[in-house]
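Asks: I am attaching a structure below and will ask some questions about it afterwards.
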Amino acid sequence: MGRVPVAVLISGRGSNLSALIRAAQARPYPAEIRLVLSNRAEAGGLAIAAEAGIETGVVDHRGRSREAFEAELGDRIGAAGVSLICLAGFMRLLTPGFVEARRNQILNIHPSLLPAFPGLDTHARALEAGVRISGCTVHFVSPEMDEGPIIAQSAVPVAIGDSPASLADRVLKAEHRLYPMALALVAQGRVRVVGKRALISGEPPLPDGLFVPTPD
Ligand code: GAR
């Protein structure tokens, strides 16, 4: 079976994009990153993609309507013939129309154990709430921000004296392991959504590591 073509949408440095590219370059991997789009021309991830020989593009959201922005996004994505979209630090909320038209075809990664702490300043809010365990979540995108059926999660313990930055660093390492694994599950056709839940068929993809990675 051919590899599933994927577009990745970014807004910034692109470390999760980089993890997805590395995974997709390894064989066998069931998905192929075919297009990287950013809403910001200065996003560091664009250079990472270009270096890997992947088509890139900038679709600026500024100075026009959300619908016009998304129409161009949709055109670029359609022209690339991809069947899945990964949001990787893409900091724009997509409209219900865009999301509904691609139901269970858009994945997002968020640096918390959703449904806790959606939105911005995630790590500061987790520390403020005094949680002992944080982590990251890969989920299908629904129209609400950082919401939708959960595909995979990694737990990351909070350390005494953690700052938002130190916790973010630790969670980010888990993100880089989790996203390629979650995308692989979807690309293999092993994830189906029933009600609000994403169910995974077959054997768990990795020993518990998928859900609770050990530190590097
Ligand atoms: C990541 O931590 C990702 O989980 C987060 O932005 C960062 C992007 O970093 N996404 C969100 O907060 C989405 N709500 P990266 O550009 O290095 O991948």
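Asks: Condition check: hydrophobic (A, V, I, L, M, F, W, C), touching a His at 6+ places or on another chain (Cβ under 9 Å) and either surrounded by fewer than 14 Cβ atoms within 10 Å (Cβ to Cβ) or closer than 25 Å to PRO111 by Cβ (or both). Does ALA41 satisfy that?
Replies: no
Asks: Given (1) more than 19 Å from ALA24 (Cα to Cα); (2) open to solvent by 40 Å² or more (accessible area, probe 1.4 Å); (3) touching a helix residue (DSSP H, G or I) at 6+ places or on another chain (Cβ under 6 Å), identify the lone condition not met by HIS176.
Replies: Checking HIS176 against (1) more than 19 Å from ALA24 (Cα to Cα); (2) open to solvent by 40 Å² or more (accessible area, probe 1.4 Å); (3) touching a helix residue (DSSP H, G or I) at 6+ places or on another chain (Cβ under 6 Å), the one that fails is (1).
Asks: Here's something else I'd like to know. Of the conditions (1) at pLDDT below 95; (2) under 17 Å from the mean Cα position of the chain (by Cα); (3) of a type in the set (D, E, K, R), GLU175 clears all except one; give me its number.
Replies: Failing condition for GLU175: (1).
Asks: I would also like to ask the following. Could you grab me the full set of residues in the stretch 143-166 that are of a type in the set (A, V, I, L, M, F, W, C), open to solvent by 30 Å² or more (accessible area, probe 1.4 Å) and part of a strand (DSSP E or B)?
Replies: ILE150
Asks: Just one of (1) open to solvent by 70 Å² or more (accessible area, probe 1.4 Å); (2) touching a Lys or Arg at 6+ places or on another chain (Cβ under 9 Å); (3) modelled with pLDDT of 95 or more trips up PHE140, so point out which.
Replies: Against the list (1) open to solvent by 70 Å² or more (accessible area, probe 1.4 Å); (2) touching a Lys or Arg at 6+ places or on another chain (Cβ under 9 Å); (3) modelled with pLDDT of 95 or more, PHE140 comes up short only on (1).
Asks: Which of the residues spanning the stretch 1-38 are within 15 Å of the ligand (Cβ to nearest atom), outside any helix (DSSP H, G or I) and surrounded by fewer than 17 Cβ atoms within 10 Å (Cβ to Cβ)?
Replies: ARG13
Asks: Would you please list the contacts, defined by Cβ atoms under 9 Å and residues six or more apart or on different chains, that run from a residue in the stretch 70-86 that is among the acidic types (Asp, Glu) to a residue that is in a helix (DSSP H, G or I)?
Replies: GLU70/GLY97; GLU70/PHE98
Asks: Hey, does the stretch 54-69 have a residue that's under 27 Å from ARG190 (Cβ atoms) and either surrounded by 15 or more Cβ atoms within 10 Å (Cβ to Cβ) or aliphatic (A, V, I, L, M) (or both)?
Replies: The answer is yes; a qualifying residue exists.
Asks: Let me ask something else. Out of all the residues in the stretch 111-143, which are touching a helix residue (DSSP H, G or I) at 6+ places or on another chain (Cβ under 7 Å) and under 19 Å from LYS196 (Cβ atoms)?
Replies: Answer for the stretch 111-143, where residues must be touching a helix residue (DSSP H, G or I) at 6+ places or on another chain (Cβ under 7 Å) and under 19 Å from LYS196 (Cβ atoms): SER112, PHE117, VAL138, VAL141, SER142, PRO143.
Asks: Follow-up question, since we're still on this one. Filter the stretch 82-134 for residues that are touching a strand residue (DSSP E or B) at 6+ places or on another chain (Cβ under 6 Å) and at positive phi; which is least open to solvent (accessible area, probe 1.4 Å)?
Replies: Residue satisfying both the conditions and the ranking: GLY89.
The values are calculated or read from the model by the stated rules, or taken from the named source; none is laboratory data. Given the structure is predicted, the values throughout are model-derived calculations rather than measurements. Counting neighbours? That spans all protein chains shown, and the Cβs are built from the backbone with ideal geometry, glycine included. Ligands, DNA and RNA are stripped out before the accessible areas are found, and what is left, the full protein with its side chains, is counted by its heavy atoms. Shrake-Rupley method; radii C 1.70, N 1.55, O 1.52, S 1.80 Å.
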